[in-house]
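The structure appears below as C-alpha cells.
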Amino acid sequence: MIATGSVCAAANRPFRPARGTIITQYDTNILKIAIMSKKRIVVLTGAGVSAESGIKTFRDSGGLWEEYDIMEVATPEAWERNRDLVIDFYNQRRKQLYEVEPNDAHYALVELEKDYDVHIITQNVDDLHERAGSSHVMHLHGELKKVRSSVDENLVYDLEGWELKPGDTCELGSQLRPHIVWFGEPVHMIPAAADLSNSADIFVIIGTSLNVYPAASLVSYVRPGVPVYLIDPGEVNAAHIQGVRVIREKAGSGTRRLVEELRK
Ligand code: APR
C-alpha cells in the first residue's frame, strides 16, 4: 500500500486520496505513465551557471585559474607534493559555498520540472542545483561538501562544516582528501552521463566553455535531430554542434527566457 497522489484523467487535476485510501497498481501505473510521458530535458552545466551567485568561473578574466596554478592545487601530483596547500584551496572554496545562494538560473531549471523530466549533469562541485530544488543532479567532477579516503576512492563522507584539516582520517586511517576529480583522474560518471545525454529529447548547455574533456564530449551523444540550446554570454566554440541555438545571455536571464519558451 502506498500513500501517494495520482492524476484523475477526466478532470486532469491532482486527486488527493482520503487518508488511508488504497492506491491500486492501476493508479500507480497512471502516475508512471504521466511521468514517463514528460519529455526529457538533459542540461549540462558549468561554472557559468553559478557565476551570478558570486562563485568565480575558471577561465574567464579574473577566473580561479588566473589566481591559482592548476598544477599546484588540482592534480594528484599536487596532493603528493603539498597537501596543506590543496586542503586550504578547497577549504576556501567550501567556506564561500556556505555564504552564497542559488540564483535565478538554478530556480528556473526547477520550474521546468513542472512540464519536463529534467536531468542535470553538472561539472560544478557546488550544491546550488540541489539547494534550488532540482530532483536529478549528476556531478561529474565531484562535490565540494564531500571528502573521501586517499587510499580507497569508494569511501566517501559528508564533511560537517567547511574545514577539512590535515590529520582528518578515513576509517582506514588515511588522510581525507576533497571528493573532487582532479586533472588526470578518471571521470567515473561519464558512461552514465553519456547514456543520459543520449536519452534527451532536448539538450541544454549552460555556462561552460566546453574546454574540458570528457565532459565537453557529451553533446556528441545527443541523438540527431534533438534540439540543442547553449546559454552563455561569452564566445563558446560550438561550431561542431549541429543546429545549436545559441542564447548569448547570462545564465539567469537566458535560462529564464528558454524556460518560458519551453513551457509555452
Ligand atoms: N552566465 C552564463 N555563463 C557564464 C556567465 C554567466 N553569468 N559568466 C561566465 N559564463 C561562461 C563563460 O563565458 C564560459 O564559457 O561560463 C563559462 C565558464 O567556463 P570555465 O571557466 O571554463 O568553466 P567550466 O567550463 O565549467 O570548466 C570545466 O574545468 O577547471 C575545470 O573541473 C573544472 O568543472 C571545471 C571544468
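The values are calculated or read from the model by the stated rules, or taken from the named source; none is laboratory data. Just so it is clear, the structure is predicted and the values come from calculations on it, not from any experiment. Cβ sites come from the backbone with ideal geometry, for glycine too, and all protein chains shown count toward neighbours. All accessible areas refer to the heavy atoms of the entire protein, side chains included, with ligands and DNA or RNA removed. Shrake-Rupley method; radii C 1.70, N 1.55, O 1.52, S 1.80 Å.
Taking every DSSP bridge with both residues inside the chain, close to 35 percent are antiparallel.
Just the accessible area per residue of the stretch 141-252, please: how many Å² with a 1.4 Å probe?
Ligands and nucleic acids excluded, the result is 50 Å² per residue.
Which net charge results when you count Lys and Arg as +1 and Asp and Glu as -1 among the other residues whose beta-carbon is under 10 Å from that of Cys170? So the surrounding residues net to -1.
Computed from Cα atoms, the angle from the helix 25-36 axis to the main principal axis of the chain rounds to 60 degrees.
Against the chain, whose longest principal axis is taken from its Cα atoms, helix 83-97 shows a tilt of about 40°. The order of the peptides 164-175, 88-99, 197-208 by mean Cβ neighbours within 10 Å, most packed first, is 197-208, 88-99, 164-175. Pairs of Lys residues in the chain are counted when their Cα atoms are under 14 angstrom apart and they lie 8 or more places apart or on different chains; the count is 11.
Take every Cα pair under 8 Å whose residues are at least 6 apart in sequence, average their separation, divide by the length of the chain, and the relative contact order is 20 percent. The Cβ shell under 15 Å around Ser150 holds other residues with a net charge of -2, Lys and Arg each +1, Asp and Glu each -1. Given the DSSP H assignment, sum -39500 (n - 2.57) over each helix run of at least 4 residues in the chain and divide by its residue total; what's the result at 222 nm in deg cm²/dmol, nearest 500? It lands at -8000 deg cm²/dmol.
Placing +1 at every Lys and Arg Cβ and -1 at every Asp and Glu Cβ, with all other atoms neutral, what dipole size does the chain have around its Cα centre, in debye to the nearest 20?
For this selection, approximately 1280 debye.
Of the accessible area of the stretch 109-169, computed with a 1.4 Å probe over protein heavy atoms only, carbon and sulfur atoms account for 43 percent.
Each Lys or Arg adds one and each Asp or Glu subtracts one; over the other residues with Cβ under 11 Å from the Cβ of Ala251, this totals -1.
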